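Colleague: Encoded as structure tokens, here's the structure I'll be asking about.
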Amino acid sequence: MNDNNKAKNKVTKVIKVAHISTGLETGGAEVQLLRLLTDIDKSKFEMIVISLHNETYLADRIRELGLPVHSLQLKKNPLNVRKAYSILKEFNPDVIHGTMYEGGVVGTLFNKFLPKKPPVIWTVHEPLEHYDKEPIRKRLQLRTWGLISKLPACMMYVSNLNKEQHVAWGFNNEKSIVIPNGVDTSKCFPNRPAGLKVRHSLMIPDDAFVIGKIARFHRQKNHIGFMHSAAMLAKTQPHVHFMLVGTNVDENNEELVNLRKELGLEGKVHMLGNREDIPDVVNAFDLATLTSFGEAFPLTLGEAMVSGIPCVATAVGDNDYIIGDTGLITPIGDDEAMAEAWQKMVEIKKETPDTYAQMGQAARQRTLDNFTLEQQVKQHEDLYRNLYNNNNASESDLIAES
């Protein structure tokens, strides 16, 4: 049979991928997993999801895709880890993809005992700025993960800086790659009318300058610094409003509510908590910001940029690389520098609105060129195929290349 006839008679092998996530909370890593599962070609990849700990509405969203989700609640009963092996043995995956450290570790623990001895991917999202200040238990744990990081078939990082940071903690990056987070451009795009509806619901004037931050409440996200920077800017720019969005960032957060009152920001800082209408919320911003002490590849910057919203962020993770020359970067933990950067952006929009609009357009184009979900999904699909072929050389001709 000639090569042309062989090509015509190729059979597409459906590759079975087991995703193991540390949990299914509403953090960036988990949301990105949902988006990957949503867009991956399900005619070529069969998938299940195992959550080692908790789950939220994200688990239901995954189930709505027709994918099984198994939650083990290991924090309540560590012995439930045995269920992970039973689930994997029954599913018999071709590839195991662990999201965050524990997901990768559990996959590595069991893969040698599974029929196909499937290759394991670890996806690492954890930023390591100031990690030396974490409790000793977490530091020892990270060192342990580093010792066994040579075992998976692939170490996947979401940022270049994140990859470099892990070397100092003993991680083996000989088989590592970087696949940046990708923005879903079918949902995130410029939509000012939707943004105005969000503003109206909060009684924010149409002509106000709104600075928004999307991040769960955590010390590393530095909401306290955000509030202090907001207080500085509000003294000279009374028309500016601030929006905080994320898990536990709402009116039930006594620390933030009390600080808002102490700083005289009542009526100026709006805390929305967790939202599912993030694309609409982002379009209510004039400027998106992150004041974090540490990040890897924050998806919220890409979501704002592709919506035509310029960004200001601290010099952590790949923030500088993401924003490029379309926004501003400030030193870590410098509340005054952050306020000054915001001030500069407010003045640009006020004095040269066309220039500000061009900054937003440049931010959108940079994201379209480099950080789309479509690009991310294709990179994952190619990786799964390559790992399958390497593990099943005699069957590699069954895998269609497209």
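Colleague: Within region 199-219, track down each residue that is surrounded by fewer than 17 Cβ atoms within 10 Å (Cβ to Cβ) and part of a helix (DSSP H, G or I).
Modeller: Those that are surrounded by fewer than 17 Cβ atoms within 10 Å (Cβ to Cβ) and part of a helix (DSSP H, G or I): HIS200, SER201, ARG219.
Residues are listed down the side, and each one gets a yes or a no for (1) over 23 Å from ASP325 (Cα atoms); (2) among the basic types (Lys, Arg):
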residue	(1), (2)
ASP354	no, no
GLN361	no, no
ARG366	no, yes
GLU381	yes, no
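Colleague: Exactly one of (1) over 21 Å from the mean Cα position of the chain (by Cα); (2) open to solvent by 40 Å² or more (accessible area, probe 1.4 Å); (3) small (Gly, Ala, Ser) is unmet by ALA315. Its number?
Modeller: Status for ALA315: all satisfied but (1).
Colleague: Just to be sure I understand, how many residues within region 42-62 are aromatic (Phe, Trp, Tyr), open to solvent by less than 10 Å² (accessible area, probe 1.4 Å) and either at pLDDT below 90 or touching a Pro at 6+ places or on another chain (Cβ under 9 Å) (or both)?
Modeller: Adding up the residues that qualify gives 0.
Colleague: Kindly check whether there is at least one residue in region 17-34 that is modelled with pLDDT of 90 or more and over 17 Å from the mean Cα position of the chain (by Cα).
Modeller: Among the residues of region 17-34, at least one is modelled with pLDDT of 90 or more and over 17 Å from the mean Cα position of the chain (by Cα), which makes the answer yes.
Colleague: Give me the pairs: first residue in region 338-363 and closer than 16 Å to GLY212 by Cβ, second residue in a helix (DSSP H, G or I) and open to solvent by less than 40 Å² (accessible area, probe 1.4 Å), beta-carbon distance under 6 Å, and six or more apart or on different chains, which are they?
Modeller: MET338/SER229; ALA339/SER229; ALA339/LEU233; TRP342/LEU233; LYS349/TYR356; TYR356/ILE348; ALA363/MET305
Colleague: Can you tell me which residue among LEU196, LEU233 is open to solvent by 40 Å² or more (accessible area, probe 1.4 Å), over 30 Å from MET100 (Cβ atoms) and in contact (Cβ under 8 Å) with a residue 40 or more places away in the chain?
Modeller: Result of the check over LEU196, LEU233: LEU196.
Table: residues versus (1) of a type outside the set (S, T, N, Q); (2) at pLDDT below 95.
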{"site": "ARG216", "(1), (2)": "yes, yes"}
{"site": "PHE226", "(1), (2)": "yes, no"}
{"site": "ASN252", "(1), (2)": "no, no"}
{"site": "GLU255", "(1), (2)": "yes, no"}
{"site": "ASN258", "(1), (2)": "no, no"}
{"site": "GLU262", "(1), (2)": "yes, no"}
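Colleague: Return yes or no: is LYS75 more than 29 Å from ASN173 (Cβ to Cβ), open to solvent by 20 Å² or more (accessible area, probe 1.4 Å) and touching a residue at least 24 places away in the same chain (Cβ under 8 Å)?
Modeller: no
Colleague: Just to be sure I understand, how many residues within region 106-126 are assigned to a helix (DSSP H, G or I) and touching a Pro at 6+ places or on another chain (Cβ under 9 Å)?
Modeller: Within region 106-126, the subset assigned to a helix (DSSP H, G or I) is 106-111.
Narrowing further to those that are touching a Pro at 6+ places or on another chain (Cβ under 9 Å): 107-108, 111.
Count: 3.
Colleague: For GLU351, which of the numbered conditions (1) closer than 27 Å to HIS241 by Cα; (2) out of contact with any His (no Cβ under 7 Å at 6 or more places or on another chain); (3) surrounded by 16 or more Cβ atoms within 10 Å (Cβ to Cβ); (4) charged (D, E, K, R) fails to hold?
Modeller: (3)
Colleague: Any residue at all in region 323-333 that is farther than 20 Å from THR236 by Cα and under 17 Å from the mean Cα position of the chain (by Cα)?
Modeller: Looking through region 323-333, at least one residue is farther than 20 Å from THR236 by Cα and under 17 Å from the mean Cα position of the chain (by Cα).
Colleague: Here is a further query. Taking ASP280 as the residue in question, decide whether it is outside any loop (DSSP other than H, G, I, E, B), open to solvent by 40 Å² or more (accessible area, probe 1.4 Å) and in contact with a strand residue (DSSP E or B) (Cβ under 9 Å, 6 or more places away or on another chain).
Modeller: Against the criterion (outside any loop (DSSP other than H, G, I, E, B), open to solvent by 40 Å² or more (accessible area, probe 1.4 Å) and in contact with a strand residue (DSSP E or B) (Cβ under 9 Å, 6 or more places away or on another chain)), ASP280 does not qualify.
Colleague: Only one residue in MET305, MET338 is surrounded by 22 or more Cβ atoms within 10 Å (Cβ to Cβ), at pLDDT 95 or above and more than 19 Å from the chain's Cα centre (by Cα), so which one is that?
Modeller: Among MET305, MET338, only MET338 is surrounded by 22 or more Cβ atoms within 10 Å (Cβ to Cβ), at pLDDT 95 or above and more than 19 Å from the chain's Cα centre (by Cα).
Colleague: Among (1) open to solvent by 10 Å² or more (accessible area, probe 1.4 Å); (2) modelled with pLDDT under 95; (3) in contact with a Gly (Cβ under 9 Å, 6 or more places away or on another chain), where does TYR321 come up short?
Modeller: (3)
Colleague: Among the residues of region 323-342, which ones are more than 15 Å from PHE293 (Cα to Cα) and either of a type in the set (Phe, Trp, Tyr) or touching a helix residue (DSSP H, G or I) at 6+ places or on another chain (Cβ under 6 Å) (or both)?
Modeller: GLY324, THR326, LEU328, ALA339, TRP342
Colleague: Also, quick follow-up: For region 127-160, name all the residues that are of a type in the set (S, T, N, Q) and either within 24 Å of ASN390 (Cβ to Cβ) or open to solvent by 70 Å² or more (accessible area, probe 1.4 Å) (or both).
Modeller: Matches in region 127-160: SER149, ASN160.
Colleague: Same structure again: When region 60-104 is examined, which residues are found to be of a type in the set (D, E, K, R), outside any helix (DSSP H, G or I) and under 26 Å from the mean Cα position of the chain (by Cα)?
Modeller: Correct list: LYS75, ASP94.
Colleague: Let me ask another. Answer yes or no: is there a residue in region 166-181 that is in a loop (DSSP other than H, G, I, E, B), open to solvent by less than 50 Å² (accessible area, probe 1.4 Å), more than 30 Å from VAL306 (Cα to Cα) and touching a residue at least 60 places away in the same chain (Cβ under 8 Å).
Modeller: No, there is no match, as no residue in region 166-181 is in a loop (DSSP other than H, G, I, E, B), open to solvent by less than 50 Å² (accessible area, probe 1.4 Å), more than 30 Å from VAL306 (Cα to Cα) and touching a residue at least 60 places away in the same chain (Cβ under 8 Å).
The values are calculated or read from the model by the stated rules, or taken from the named source; none is laboratory data. Just so we're clear, the structure is a prediction, and the values are computed from it rather than from any experiment. FYI the Cβ positions are ideal-geometry reconstructions off the backbone, even for glycines, and counts take in every protein chain you see. Surface areas here come from the heavy atoms of the whole protein model, side chains and all, with no ligands, DNA or RNA. Shrake-Rupley method; radii C 1.70, N 1.55, O 1.52, S 1.80 Å.
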